[in-house]
Structures are given as structure tokens and as C-alpha cells.
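Please read the structure below before turning to the comments.
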């Protein structure tokens with residue numbers, strides 16, 4: 001598979017790795033770029049809605065997000081190119097990723113705009129958007145999880161994931177931005193339905209056939 005077929009995915013991964021490493025080594029950068037709804041509201045630091053996607057808490061966090069992005073992002077970018085041509089395919093993937101990251105921050109902002117103690121970081125929301133766009137686009141695919149040696153149907157994984165993230169958001173106290181994961185995933189579904197509603201009909205046709 002040629003790297004030139006999914007340049008947006010690769011550029012995002014390289015930029016995220018480099019900037020995350022910089023933030024690992026400079027706490028002032030991490031603090032400046034982290035998602036901080038309290039400062040967004042009071043200081044109009046809206047750049048944090050994007051900057052937090054390029055930094056991570058640690059190397060494991062970074063590796064997991066970039067592994068999922070590489071696994072599903074390159075496939076989704078190629079599918080979009082096949083459907084809409086090279087220029088529009090790349091543009092659709094770019095919008096899917098970055099608008100997904102922005103959408104992932106909406107629920108955390110609503111819940112924490114007046115909470116000076118809430119901060120979050122990472123590309124998980126944007127990656128969730130890409131993952132769920134690929135699930136809706138190609139429900140007959142399969143997903144493997146660590147420590148589970150069997151393939152899970154993509155559509156089934158999607159349902160379980162959404163239910164789990166919603167439950168954990170309501171439960172709270174985990175230290176993980178489950179609300180961002182949920183918001184990003186929902187946006188990924190929404191984006192596909194906007195650009196190709198037939199994919200939604202094909203999804204339900206597949207799982208109920």
C-alpha cells in the first residue's frame with residue numbers, strides 16, 4: 001500500500017508524535033496546549049480546542065492513539081479517495097479528523113466550562129471519529145482487541161463502545177475523557193451520513209440481514 005495514498009493520515013501522525021514528544025520534555029508547552037474549558041470560556045483561548053489533539057499524557061497514550069489512527073485512518077482516507085477523488089477524498093478525511101476532534105470537546109466544555117480543575121489532552125476524540133466513520137462505512141469489517149484472540153464484528157464493537165463510553169461518562173471519576181470519546185464517535189457517524197447517507201442504510205441492511 002503506497003504511502004502517497006494516505007498523506008493526511010501520515011502527516012497527522014508525524015506531527016502528533018513530534019509535538020507530543022516536545023510536550024513530554026517541556027511541561028510549559030503541555031500546559032499551554034492542553035484542553036482547558038475554564039480558560040477557553042474566560043480567556044478565549046480557543047486554540048486549545050485544536051492544540052490538545054497534538055499532545056498526550058505519556059508514550060502509551062500516544063502509541064495507542066497513533067496505532068488506531070494508522071490502522072483505520074489510512075483505510076478510511078483511501079476509501080474516501082475512491083469515492084470522491086484524490087483532492088476531495090483528502091479534504092473529507094482532513095475534515096473528518098479535525099472536526100471530529102472539535103466535536104469531541106463540546107460535551108466536556110458544556111460540563112466543565114466553570115470547573116478550574118478539569119483539563120484533558122490527546123487525539124482520542126478525533127481518532128474515535130475516524131474509527132466510527134470506518135465502522136459505518138464498512139460494517140462487515142472486524143476488529144481485534146488486545147488480550148481477546150477473536151475478531152469482533154465492527155458493527156458490534158461500535159455498539160458496545162458507544163454504550164460503554166456513555167455509561168462511563170455518566171459514572172465519572174475514571175480520569176479518562178469518556179465524554180470526548182463518545183462525542184468524537186458520534187461525529188464520525190454523523191459525518192458519513194452527511195456525505196453519503198446510503199452508507200447508513202447499507203449499515204442497517206447489513207446488520208439486520
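Here are some notes:
- Output for the range 49-75, where each listed residue is in contact with a helix residue (DSSP H, G or I) (Cβ under 8 Å, 6 or more places away or on another chain), closer than 17 Å to residue 101 by Cα and in a loop (DSSP other than H, G, I, E, B): 55, 56
- For the range 110-123, the count of residues that are part of a helix (DSSP H, G or I) and surrounded by fewer than 19 Cβ atoms within 10 Å (Cβ to Cβ) is at least one.
- Only helices (runs of 4 or more DSSP H) whose full extent lies in the range 130-209 are considered here, and the ones with at least 2 residues that are surrounded by 19 or more Cβ atoms within 10 Å (Cβ to Cβ) and out of contact with any strand residue (DSSP E or B) (no Cβ under 8 Å at 6 or more places or on another chain) are 154-171, 178-195.
- Candidate set: the range 23-35, residues that are over 29 Å from residue 137 (Cβ atoms) and in contact with a helix residue (DSSP H, G or I) (Cβ under 6 Å, 6 or more places away or on another chain); chosen: the one surrounded by the fewest Cβ atoms within 10 Å (Cβ to Cβ): 29
- Note on the range 85-108: among residues that are surrounded by fewer than 19 Cβ atoms within 10 Å (Cβ to Cβ) and either part of a loop (DSSP other than H, G, I, E, B) or touching a residue at least 60 places away in the same chain (Cβ under 8 Å) (or both), the one that is nearest to the chain's Cα centre (by Cα) is 99.
- Sole residue being at pLDDT below 90 and in contact with a helix residue (DSSP H, G or I) (Cβ under 7 Å, 6 or more places away or on another chain), chosen from 113, 154, 126: 154
- Scanning the range 1-22 for residues that are surrounded by 14 or more Cβ atoms within 10 Å (Cβ to Cβ) and in a loop (DSSP other than H, G, I, E, B) gives a single hit, 6.
- Verdict on residue 187 being within 27 Å of residue 44 (Cα to Cα) and either over 14 Å from the mean Cα position of the chain (by Cα) or at pLDDT below 90 (or both): no
The values are calculated or read from the model by the stated rules, or taken from the named source; none is laboratory data. If you're wondering where the values come from, they're calculated on a predicted model, not measured in any experiment. Every residue, glycine among them, receives a Cβ derived from its backbone with ideal geometry; neighbour counts consider all protein chains shown.
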